[in-house]
Amino acid sequence: MCLALTVNSADPRFQPDLSTTYQPVKCDINCNCDKKEAQCTYERRYAEMSSSSGVLGEDVLSFGNESELVPQRAVFGCENIETGDLYSQRADGIMGLGRGRLSVMDQLVDKGVISDSFSLCYGGMGVGGGAMVLGSIKSPPDMVFTHSDPFRSPYYNIELKEIHVAGKPLKLNSKIFDGKHGTVLDSGTTYAYLPKDAFHAFKDAVTRKVNFLKQIHGLDPNYQDICFSGAGRDVTQLSKVFPQVDMVFTKGQKFSLSPENYLFPHTKVSGAYCLGIFANGDSTTLLGGIVTRNTLVTYDRANDKIGFWKTNCSELWKRLNDSNAPPPVPSAFDGRNTSVEISPSIAPSGLPDTIIPGVLQVGLISFDMMLSINNTIKPNFTELAESIAHELELNISQVRLMNYTHTGNNFVIRWAIVPAESANCFSNTKATGIIRRLKEHQMHIPQKFGSYQLVKLKVEPQMKRSWWKQHYWAVAVAVIVTSVLGLLALGTWLVWKYRLQDIVSYEPVAARAIVPEQELQPL
């Protein structure tokens, strides 16, 4: 099991031993190794003191049921320990989209399945959700771009020169935003962090504009949060109370932030809000996810630039189309929380409703079904397999029982559907038909098995077979033919030798003339 008890995950923990496609990343000189020096390990720390550590593994990664990007093999970190906000959040982990060999982006770009660009759109305050696009999209005409220098640091940086509050620039030297790593945009960090002088200037400017609000204590007694009460519970009206903030880039491009981009709600006082921008311990300016709420951020890595476009992320696709932009390609899915245990009415496989010919060759379909029966007697799995094969129009040899568990009258049974013996994968039509029948509960099983519910459905691509597996029949025939010919040749030689002994007579050694030894002459 990859996830230890120190991990607070929302969904069932990933168990590599139950995956037929999982492979650990073995220890080598390019990675840190575990104590047994058998497997690569990793450790990541984030600005808000969160951390994640564990081992590296490789498996098939799918991208949601609204994605056009088919499942791909990828290396990922399998957590054993996580701390801070990573532990307390509802999500199961964090997705690496940065620059680097193990980044999901770099792996997909190296495979040639997407272009070197991606976009993120985080939902607004109290809304959550959002969207992600893997690959390039046509940018809206009013998207604001700034240069991002990949040689400046390993992070995504932008050329921030000024910050304006209520239209007035903070009285700061522009070089303050260019210290150490510069201004870093980090979607994996929750809040924003400014160098101390910039933070105090920003805090004072905002406080002056809302001096009619009462300042109150924050939630953490160990930290002096800057909080204001009396702003009202309606977050859509916050722009009437708090000032607009503008980020100004090198060439004068200006991107405006609304109050939800620098505030977070006080959870104990209704209508109160706190600054989500804090003082940084060093000279780096770090802009976390709060700054990009309800903002489409395009990381155009191919052209070394990052774009910002203010939008309602829950209506992103509609707004993109209204801006004469084509649908995102090649992959897009919204960020709603989708559990492993899902409703059969939603495509749980990570595939579109119709499998695109030539894009994915399905090699295995597995699913978990939950039976609710009237007694605790173990069902007849052979008879149930025959019924499933009949309903899915398969041979009984294609339906295989993997394992089962039961609690009381409920049995959760895992089945694997494999291609016919003469095939390496399912045809597009066959795979689509099986998936659709499973999703739409079109199987009718005998009443003695009670009612059933589809719990989980997984589709895996055809595994590439080695040269030996692909040609084992030819190799076997060649070995047999070679062996037969060798035996025939050996038999023929033995017969010939035996007959030769009958024809040639040999004199005894004593009858031969004795020849004196002669010394070999030097050459």
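The values are calculated or read from the model by the stated rules, or taken from the named source; none is laboratory data. All figures in this text were calculated on a predicted structure; none of them were measured in a lab. Cβ: placed from backbone, ideal geometry, glycine included. Neighbour counts: every protein chain shown. For the accessible areas, the whole protein counts, side chains as well, though only heavy atoms, and no ligand, DNA or RNA atoms are used. Shrake-Rupley method; radii C 1.70, N 1.55, O 1.52, S 1.80 Å.
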If a residue must be touching a residue at least 60 places away in the same chain (Cβ under 8 Å), of a type in the set (A, V, I, L, M) and open to solvent by 60 Å² or more (accessible area, probe 1.4 Å), how many such residues does the range 76-101 contain? 2
Starting from residues that are in contact with an Asp or Glu (Cβ under 8 Å, 6 or more places away or on another chain) and among the polar types (S, T, N, Q), keep the ones in the range 109-138 and report whichever is nearest to Val184 (Cα to Cα). Ser117
Note on Asp106: of the conditions (1) touching a residue at least 12 places away in the same chain (Cβ under 8 Å); (2) in contact with a Lys or Arg (Cβ under 9 Å, 6 or more places away or on another chain); (3) over 23 Å from Asp11 (Cβ atoms), unmet is (1)
Lone qualifier among Gly252, Gly307, Gly288, Gly276 - being open to solvent by less than 70 Å² (accessible area, probe 1.4 Å) and over 32 Å from the mean Cα position of the chain (by Cα): Gly252
Could you please let me know if Phe411 is more than 23 Å from Asn65 (Cβ to Cβ), in contact (Cβ under 8 Å) with a residue 24 or more places away in the chain and under 32 Å from the mean Cα position of the chain (by Cα)? yes
Only one residue in Val245, Val210, Val241 is touching a residue at least 40 places away in the same chain (Cβ under 8 Å), surrounded by 13 or more Cβ atoms within 10 Å (Cβ to Cβ) and of a type in the set (Val, Ile, Thr). Which one? Val245
Condition check: open to solvent by less than 30 Å² (accessible area, probe 1.4 Å) and polar (S, T, N, Q). Does Asn222 satisfy that? no
Only one of Val245, Val235, Val206 is at pLDDT 95 or above and within 38 Å of the chain's Cα centre (by Cα). Can you tell me which? Val245
Given the conditions (1) touching a residue at least 60 places away in the same chain (Cβ under 8 Å); (2) open to solvent by 50 Å² or more (accessible area, probe 1.4 Å), every one holds for Thr21 apart from (2)
Residue list for the range 252-263, filter: in contact (Cβ under 8 Å) with a residue 12 or more places away in the chain and more than 17 Å from Leu296 (Cβ to Cβ): Pro259, Tyr262, Leu263
